[in-house]
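First the structure, in the form of structure tokens, and then the observations on it.
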Amino acid sequence: MKDVVELTLSPEQAYFILMRARAFDEKVAASGQDGGSNPSDDGAVDVLEDTPDDATASELRASIRRLNDDELRDLIALVWIGRGDFSMAEWNEARRAAADIGRERAPRYLLGIPLISDYLEESLSNLGFSLAEYIDEH
């Protein structure tokens, strides 16, 4: 029998953050070299470089900051469960522990977790939600 978990965070919110995190995870350090004369010359690799004017990280931080306290606890708990720190049966314990991260620290904390998008996808999948369906709908 699957564990019953009541999410305050909607699957749509979680998947939106997951997709932003996936784009953030794909960024690489800027090479410091100018790209080709146009995107087709350089394979459009500049889009993968993490530069100070890139909005990917700020969009992800803003998405996390917009969450209310309960949604933020859900998000952190989902990441921890996907990473294996807690099980679904320990949902309430994970949420209580997530409160210790705090609103101010949460965006920096979450952006510092490598593979955050994979952990979210794992947890949401275990709850019966599908990333493929989310992508098809959006």
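Worth pointing out:
- Among the residues of the stretch 123-138, those identified as under 17 Å from the mean Cα position of the chain (by Cα), within 17 Å of I81 (Cα to Cα) and surrounded by fewer than 16 Cβ atoms within 10 Å (Cβ to Cβ) are S125, S130.
- Selection status of S117, more than 17 Å from E6 (Cα to Cα) and buried (at least 17 other Cβ atoms within 10 Å of the Cβ): yes
- Number of positions in the stretch 83-104 that are of a type in the set (D, E) and surrounded by 12 or more Cβ atoms within 10 Å (Cβ to Cβ): 3
So that you can scan it fast, the table gives a plain yes or no per residue for (1) farther than 21 Å from D118 by Cα; (2) in contact with a helix residue (DSSP H, G or I) (Cβ under 8 Å, 6 or more places away or on another chain); (3) modelled with pLDDT of 60 or more:
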{"residue": "V45", "(1), (2), (3)": "yes, no, no"}
{"residue": "L48", "(1), (2), (3)": "no, no, no"}
{"residue": "T51", "(1), (2), (3)": "yes, no, no"}
{"residue": "D54", "(1), (2), (3)": "yes, no, yes"}
{"residue": "E59", "(1), (2), (3)": "no, yes, yes"}
{"residue": "A62", "(1), (2), (3)": "no, no, yes"}
{"residue": "R66", "(1), (2), (3)": "yes, no, yes"}
{"residue": "R73", "(1), (2), (3)": "no, yes, yes"}
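- Output for the stretch 67-118, where each listed residue is among the small types (G, A, S) and more than 18 Å from M19 (Cβ to Cβ): A77, G84, S87, A89, A94, A97, A98, A99, G102, A106, G112
- Residues (closer than 17 Å to E71 by Cβ, part of a helix (DSSP H, G or I) and in contact with a Phe, Trp or Tyr (Cβ under 8 Å, 6 or more places away or on another chain)) located in the stretch 81-110: I81, G82, A94, A97, A98
- Single residue of L60, L67, L72 found to be more than 16 Å from N126 (Cα to Cα), within 16 Å of the chain's Cα centre (by Cα) and not in a helix (DSSP H, G or I): L67
- Checking S31 against (1) part of a helix (DSSP H, G or I); (2) at pLDDT below 55, the condition it does not meet: (1)
- The stretch 51-95: number of residues that are acidic (D, E) and touching a residue at least 40 places away in the same chain (Cβ under 8 Å): 3
The values are calculated or read from the model by the stated rules, or taken from the named source; none is laboratory data. What you are looking at is a predicted structure, and each value in this text was computed from that prediction instead of being measured. Neighbour counts run over all protein chains shown; Cβ positions are idealised from the backbone, glycine included.
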